[in-house]
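Got a structure for you, written out below as structure tokens; questions coming shortly.
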Amino acid sequence: MTKRIYTYGASVLREKALPIEAITAEIRELAASMMDTMLKAPGIGLAAPQVGVSLRMIIVTYGIDVEKPDPRVIINPEIIWHSDEMESAEEGCLSVPDETGFVPRWSEIRIRGMTLDGDEFEELLIGWTARIFQHETDHLDGILFVDRLSFLKRDMVKRRLKKRLKSEVNIL
Ligand code: NI
């Protein structure tokens, strides 16, 4: 079952999401519906706050740069180390429709998380997998990619988003 995707202006996108304490049936259900929602959108990553749930769960599609997309659910994701080097690439977000921008991200990260089976793991991520992981964990701290754009671009994009919000209110 797919869920509604919350977009720019929704307060849930600005909250600090809470850790998941136990993998219950509800958590599994949330993971399944997030997966459906992401694949249908379609997207290559999704965080629980984007479907209105302020919990620390994300989906990261591994291997899109080697054309072997493998979307994985990660619970309580953390970045425990990062390279000094950063790389810029163009990102978008299902919660910020019609906007893209170049975002600097660490090129290598070491991460920790838990699978839906409750197995804790650590691994080194590079390339797009590392980028998606950083984008999605940002969502759990209330940060959107537009917050990380260069000052001028950020100003322009935010003005456009605010205008769009206003016009949505007018339609209602
Ligand atoms: Ni996003």
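Take the conditions aliphatic (A, V, I, L, M), in a strand (DSSP E or B) and within 14 Å of the ligand (Cβ to nearest atom) and apply them to Val103. Does it pass?
Working: aliphatic (A, V, I, L, M): yes; in a strand (DSSP E or B): yes; within 14 Å of the ligand (Cβ to nearest atom): yes.
When the stated conditions are applied, Val103 passes them.
Please determine whether any residue of region 112-126 is within 16 Å of the ligand (Cβ to nearest atom), more than 25 Å from Lys3 (Cα to Cα) and basic (Lys, Arg). Explain how you work it out, then say what you get.
Within region 112-126, the first condition is being within 16 Å of the ligand (Cβ to nearest atom), and the residues that meet it are none.
No: zero hits.
For residues that are surrounded by fewer than 16 Cβ atoms within 10 Å (Cβ to Cβ) and of a type outside the set (Gly, Ala, Ser), scanning just region 138-152, find the one that is farthest from the chain's Cα centre (by Cα). Don't jump to the end; show me each part of the working.
Quick first cut of region 138-152, residues surrounded by fewer than 16 Cβ atoms within 10 Å (Cβ to Cβ) only: 141, 147, 150-152.
With of a type outside the set (Gly, Ala, Ser) added as a condition, the list becomes 141, 147, 151-152.
On the way: Asp141: 10, Asp147: 13, Phe151: 21, Leu152: 23 Å.
Filtering region 138-152 for residues that are surrounded by fewer than 16 Cβ atoms within 10 Å (Cβ to Cβ) and of a type outside the set (Gly, Ala, Ser), the one farthest from the chain's Cα centre (by Cα) comes out as Leu152.
Whether any residue in region 122-137 is assigned to a loop (DSSP other than H, G, I, E, B) and either under 17 Å from the mean Cα position of the chain (by Cα) or surrounded by 13 or more Cβ atoms within 10 Å (Cβ to Cβ) (or both) is what I want to check. Reasoning before the result, please.
If we filter region 122-137 for residues that are assigned to a loop (DSSP other than H, G, I, E, B), which is where we start, we get none.
No, that holds for no residue.
I'd like the residue in region 1-19 that is free of Cβ contacts under 8 Å to residues at least 60 places away in the same chain and assigned to a loop (DSSP other than H, G, I, E, B) and, out of all such residues, is surrounded by the fewest Cβ atoms within 10 Å (Cβ to Cβ). Before you say what the answer is, go through the steps one by one.
If we filter region 1-19 for residues that are free of Cβ contacts under 8 Å to residues at least 60 places away in the same chain, which is where we start, we get 1-4, 11-12, 18-19.
Add one more test, that the residue is assigned to a loop (DSSP other than H, G, I, E, B), and what stays is 1-4, 19.
On the way: Met1: 7, Thr2: 14, Lys3: 18, Arg4: 10, Pro19: 11.
Result: Met1.
Of everything in region 78-94 that's in a loop (DSSP other than H, G, I, E, B) and under 14 Å from the mean Cα position of the chain (by Cα), which residue is surrounded by the fewest Cβ atoms within 10 Å (Cβ to Cβ)?
Here is the first cut: in region 78-94, the residues in a loop (DSSP other than H, G, I, E, B) are 83-85, 92-94.
Then keep just the ones that are under 14 Å from the mean Cα position of the chain (by Cα); that gives 92-94.
Details: Gly92: 16, Cys93: 26, Leu94: 19.
Filtering first and then ranking leaves Gly92.
Shifting gears a bit: Could you check Asp147 against (1) more than 13 Å from the ligand (Cβ to nearest atom); (2) more than 23 Å from Ala32 (Cα to Cα); (3) free of Cβ contacts under 8 Å to residues at least 60 places away in the same chain and say which number it fails?
(1)
Throughout, read-outs are computed from the coordinates displayed, never taken from laboratory work. Quantities reported herein were computed from a predicted structural model and do not represent experimental measurements. No Cβ is skipped: glycine too gets one built from the backbone with ideal geometry, and neighbour counts run over all protein chains shown.
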